[in-house]
Amino acid sequence: LIRASAVASPTPGEALRRANELILADASSGMFVTTLYGILDPIGHKLAYVNAGHTPPLLSRRGEALLLRAKGIALGVIEDIELEGREVELAGGDVVVFYTDGVTEAINKAEEEFSRARLAEFIVANRGLTAQDLIDAINEEVTAFIGEEPLFDDFTLVVLKCL
């Protein structure tokens with residue numbers, strides 16, 4: 001639904017508002033969806049995005065990790081949703097990590113969460129890796145952290161690296 005809505009919508013916010021209408025039109029589904037939708041402008045080095053109740057991405061630049069926050073609610077919950085459109089300018093060396101909560105909420109034997117803070121620290125310390133190597137390293141770090149404990153939620157990572 002999001003992909004179909006995006007074809008006729010020039011901005012991420014408009015696409016998600018249309019997808020929300022389509023989800024609500026099927027009232028019997030009881031479905032809701034959290035998502036972050038962005039459009040990368042590789043020429044202008046900008047990322048325009050909206051967040052519909054999803055975990056905010058982490059932007060690593062100059063030795064720190066910043067949350068790319070934007071106000072919004074999950075799709076399929078209410079009509080006429082308001083989504084805050086945001087834009088971030090990217091510079092060489094910037095790394096943006098998109099992830100699901102299964103990454104940060106992975107729990108070890110002591111019932112400790114991997115946590116957003118631990119993920120942010122790890123990204124900053126390893127931002128020199130290629131995008132694929134950073135994905136692999138985060139996966140290995142979380143796996144080592146949880147040990148034999150099973151993952152109880154989805155585990156998805158996407159890394160955008162500005163060269």
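The values are calculated or read from the model by the stated rules, or taken from the named source; none is laboratory data. Everything quoted here is computed from the prediction, not taken from an experiment. Methodologically, a virtual Cβ is constructed for each residue, glycine included, from the backbone with ideal geometry; neighbour enumeration extends over all protein chains shown. To get the accessible areas, we keep the full protein, side chains included, count just its heavy atoms, and leave off ligands, DNA and RNA. Shrake-Rupley method; radii C 1.70, N 1.55, O 1.52, S 1.80 Å.
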Checklist entry - Could you list, in sequence order, the residues of the range 67-76 that are buried (at least 16 other Cβ atoms within 10 Å of the Cβ) and either of a type in the set (A, V, I, L, M, F, W, C) or within 14 Å of the chain's Cα centre (by Cα) (or both)? => result L68, A70, G72, I73, A74, L75
Item to check | the range 45-76: number of residues that are touching a Leu at 6+ places or on another chain (Cβ under 9 Å), assigned to a loop (DSSP other than H, G, I, E, B) and of a type outside the set (A, V, I, L, M, F, W, C) | outcome: 8
Next on the checklist: Checking the structure you have, find out if any residue of the range 98-110 is part of a strand (DSSP E or B), open to solvent by less than 20 Å² (accessible area, probe 1.4 Å), in contact (Cβ under 8 Å) with a residue 24 or more places away in the chain and not charged (D, E, K, R).
Outcome noted: yes
Checklist entry - Inside the range 115-143, can you point out the residues that are surrounded by 15 or more Cβ atoms within 10 Å (Cβ to Cβ) and in contact with a Leu (Cβ under 8 Å, 6 or more places away or on another chain)? => result R116, L119, A120, I123, N126, R127, A131, I135, A137, I138
Next on the checklist: Among the residues in the range 131-140, are any assigned to a helix (DSSP H, G or I), under 24 Å from Y37 (Cα atoms), small (G, A, S) and without any contact (Cβ under 8 Å) to a residue 60 or more places away in the chain?
Outcome noted: yes
Next on the checklist: Quick check on my filter: what residues within the range 50-65 are under 18 Å from R116 (Cβ atoms) and either buried (at least 16 other Cβ atoms within 10 Å of the Cβ) or of a type in the set (D, E, K, R) (or both)?
Outcome noted: N51, G53, H54, T55, P56, P57, L58, L59, S60, R61, E64, A65
Next on the checklist: So, in the range 33-42, how many residues would count as being more than 25 Å from G128 (Cβ to Cβ) and either of a type in the set (D, E) or part of a loop (DSSP other than H, G, I, E, B) (or both)?
Outcome noted: 1
Next on the checklist: Restricting to the range 77-97, name every residue that is part of a strand (DSSP E or B) and either surrounded by 12 or more Cβ atoms within 10 Å (Cβ to Cβ) or among the basic types (K, R) (or both).
Outcome noted: R86, E87, V88, V95, V96, V97
